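None of the figures in this text is laboratory data; all of them are computed from the coordinates on show. Everything numeric in this text was worked out from a predicted model, so none of it was measured. Cβ sites come from the backbone with ideal geometry, for glycine too, and all protein chains shown count toward neighbours.
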Ligand SMILES: Cc1cc2nc3c(=O)[nH]c(=O)nc-3n(C[C@H](O)[C@H](O)[C@H](O)COP(=O)(O)O)c2cc1C
């Protein structure tokens, strides 16, 4: 399985937070068709998304995501291949981290960062 973990920023010049439910809706429908699983975190301004699936499917989605005008400043945190999936429970779990003390920034910049520490860090949060 290939995975991509990235961060980005909502393009506030053109879109507000109301754009996010539509993104999540599309993601859920499309991802369940294409066998993509993962999780999308949003704090009111910043996105952190992890997604995984078959290589070609991930590449197509990544291409689409990168040219999506609803967000900007896209930064890849980690990408690679791994055995099996980290998430098989949801097409795309959504986590609103605006009311959380969770510090994604320090999690992803930690020296020992891995997708496993990422999953562990967000595991106590409620998935919508
Ligand atoms: C932060 C963010 C996350 C997204 N996550 C997904 C996703 O997981 N799955 C998906 O199909 N589209 C996702 N999208 C939407 C894609 O960028 C794109 O609109 C969608 O794949 C449809 O592509 P198309 O309009 O080029 O056909 C996301 C968009 C943004 C801004």
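If you go through region 93-123 and pick out every residue that is in contact with a strand residue (DSSP E or B) (Cβ under 6 Å, 6 or more places away or on another chain) and more than 18 Å from residue 44 (Cα to Cα), you end up with 1. Per the listing 113, 118, the residue uniquely in a helix (DSSP H, G or I) and closer than 11 Å to residue 5 by Cβ is 118. Checked against the criterion of being near the ligand (Cβ under 9 Å from one of its atoms), in a loop (DSSP other than H, G, I, E, B) and in contact (Cβ under 8 Å) with a residue 60 or more places away in the chain, the candidates 91, 84 yield just one match: 91. How about region 30-41: which of its residues are near the ligand (Cβ under 8 Å from one of its atoms) and either over 19 Å from residue 89 (Cβ atoms) or not in a strand (DSSP E or B) (or both)? Passing the criteria: 30, 31, 34, 36.
Taking region 1-29 as the range and being farther than 18 Å from residue 95 by Cβ and surrounded by 15 or more Cβ atoms within 10 Å (Cβ to Cβ) as the test, the residues that pass are 1, 2, 11, 15. Residues that are more than 24 Å from residue 103 (Cα to Cα) and within 13 Å of the chain's Cα centre (by Cα) were ranked within region 19-29; the one that is farthest from the ligand (Cβ to nearest atom) is 28. Has region 54-76 got at least one residue that is closer than 24 Å to residue 107 by Cα, near the ligand (Cβ under 8 Å from one of its atoms), in contact (Cβ under 8 Å) with a residue 60 or more places away in the chain and surrounded by 15 or more Cβ atoms within 10 Å (Cβ to Cβ)? Yes, because at least one residue in region 54-76 is closer than 24 Å to residue 107 by Cα, near the ligand (Cβ under 8 Å from one of its atoms), in contact (Cβ under 8 Å) with a residue 60 or more places away in the chain and surrounded by 15 or more Cβ atoms within 10 Å (Cβ to Cβ).
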